[in-house]
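As C-alpha cells, the structure follows; a few thoughts come after it.
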Amino acid sequence: MKILCVCGLGMGSSLILKMTVEKAMKELGLYCDVQHEAAGTMAGLQVDLILAANDFSGELDGAQNAVFVDNIMNVAEVKEKIEAYLNSQ
C-alpha cells in the first residue's frame, strides 16, 4: 500500500505524520510505503491513501482517498482512521 502524508511545505508536519503512520501500520501488521510531500506538489502521484491534518481538508477537497486527523502525533487516532478507511473500501 502506498500512503502519502501531506502538509503545506512537505517538510514539517507531513514528516511527523509519516512517522506516526509507519508506527500505526506496524501495529496493524500491514506493509506500506509512506512518502511525504507538500499538498501543492502532489499532483500526479499515484497513492492508495492520503493522510493530512484537518487543516488541509480544504486543499484536498474531493480526494476520495484522503483521511484527516486531529493530532498528527497520535498513533491510536491515526491507526483508527486508517482502519476505518480500509474497512470502508
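Using θ = phi - 60° and the Karplus form 6.51 cos²θ - 1.76 cosθ + 1.60, what ³J(HN,Hα) does each residue of the stretch 26-34 get, whole Hz, x for Gly and Pro?
5, 5, 7, x, 10, 7, 8, 10, 10
On full extension of the chain, what length is gained from A43 through D61, given 0.36 nm per residue of separation minus the C-alpha to C-alpha distance?
Full-extension gain reported as 5.1 nm.
For each of E83, E59, count neighbouring Cβ atoms within 10 Å of the residue's Cβ, then give the residues from fewest to most.
E83, E59
Per-residue ellipticity at 222 nm for the chain, helices alone: DSSP H runs ≥ 4 residues times -39500 (n - 2.57), over residue total, nearest 500 deg cm²/dmol?
-11000 deg cm²/dmol
Laboratory data are not the source of any read-out in this text; all were calculated from the coordinates shown. Bear in mind the structure is a predicted one, so any value in this text is a computation, not a measurement. Neighbour counts run over all protein chains shown; Cβ positions are idealised from the backbone, glycine included.
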